[in-house]
Structure formats: structure tokens, C-alpha cells
């Protein structure tokens, strides 16, 4: 009896599997087709039926986000090269470091004091003129050797080549030659040449210093040259006055 019941149950379960298997497959296929059909309707049909003015909020959100991200961030714009060059050209003596400015102006005092003292006293002093020439020779040597200190560092725009280093020796040699003259007037003229050559090297020929310091170099050289020429001119003026006074004194006798 028991084997008969087991056989009947086995055959019925096998028949149910045969019947329900294809039905389940058909239902799964129908579900996938209906789901794909619904997605196709949402994607293609629904945007056509919706008016263009009614857009979902997500679209507006993405557009606003894109709009805000496209705006430029508050960054400092780099000025063009022409503006930077114009700003550099406007640099004056105020932009020079204060120690360099004050020391340079103080170094011009001995040049100015020599002819000023002669004018106040009303006579020419050869000792004062020689002291001025000596101080000018030291200054010309300093301006020539300053190029060595500018060219030798590694990050300097000037290279330690023959053009920079050899030309820096020219002003000291001319200053030494100025001290060999017995006449202070000839020494002053030689110093004017040395100072002019040093200024030409620093401004035009060799790699330049900062623009503000170049202006300081120009004005300092002008004051030194005018002071030396003023001393030489005072010597000639006082000698002429002395000769005229001697002639008058001899005529009165």
C-alpha cells in the first residue's frame, strides 16, 4: 500500500512541475516585457506629452548648479604685461630701500661741501679740492666693485663673466689715475669720466639693477659730477680774480 501512495504522489508532483514551470516562465517574460514597455513610455512618450514650461525641479537644480559653477571665482586677475611694465616705470626714489636711500644721500654730502665751503670763504683751497678728488676716487672704486657683489650670487640676473667683472675694474683704474695728477682739476675731470663709465655700465650695458635703484644711481652721479665740475670751475674763477687783483695793485703803484 505504501509504495502505491508514494508512486502516485511522485507522478502528481512531476506533472505539477511540468504544468507550472512554463506558466511561471511566461509570467516572468510578461513582467519583463511590461516593465520594459513602461520604461519606454516614460522615456519617450511622457516628455512629448508634458509641456516645455513644466520641467521637473531636478532639471532646474542642475541648471542653477551649472550656472553657479560657471561663474568666475573671486580671484585676483593677473595684470597684463603692459600694465606691469607701466607700474615698474612709475617707480621712484621712494621705492628704494630706506637704508640704501639715506646712505646714498649721506654719501653725497662731502661732494657738495667742498665747493660750498670755497664759495662761503671766497677762495680756492687746494687741500679741500684734493680731499674731494680722493673721496671721489674711493666712490668710483666702490661703484665699480659693487658689480662683483651683484654678479657673484647664484640667483643673480647678472652673470659672473668677463663683461661684468672686467668692466667693473675700469672705474677703479681711472680713479687711481685721477690721484696721480698734481693738479686737482685734471683729477676731477678724470673722475667725471670714471663716474660716467660706471653709470653707463649700470644703466645700459650690463644687466640692470632694480629700476628705483637705477634712478638713485642717475641722480647721485649727476650730483657728484656737478660738484667736481663746480670745484674745477671755482679754481679757474678764483685764479682769474686773483690775477685781476694783482694787475690792479701793480697799476696803482
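The values are calculated or read from the model by the stated rules, or taken from the named source; none is laboratory data. Since this is a predicted model, take the numbers as computed values, not measurements. No Cβ is skipped: glycine too gets one built from the backbone with ideal geometry, and neighbour counts run over all protein chains shown.
Remarks
- The residues of the stretch 174-195 that are under 15 Å from residue 144 (Cα atoms) and exposed (fewer than 15 other Cβ atoms within 10 Å of the Cβ) amount to a single one, 176.
- Set 184, 232, 198, 204: member being within 18 Å of residue 109 (Cα to Cα) and at pLDDT below 95: 232
- Total residues in the stretch 138-173 satisfying the condition of being surrounded by fewer than 18 Cβ atoms within 10 Å (Cβ to Cβ), in a loop (DSSP other than H, G, I, E, B) and touching a helix residue (DSSP H, G or I) at 6+ places or on another chain (Cβ under 7 Å): the figure is 4.
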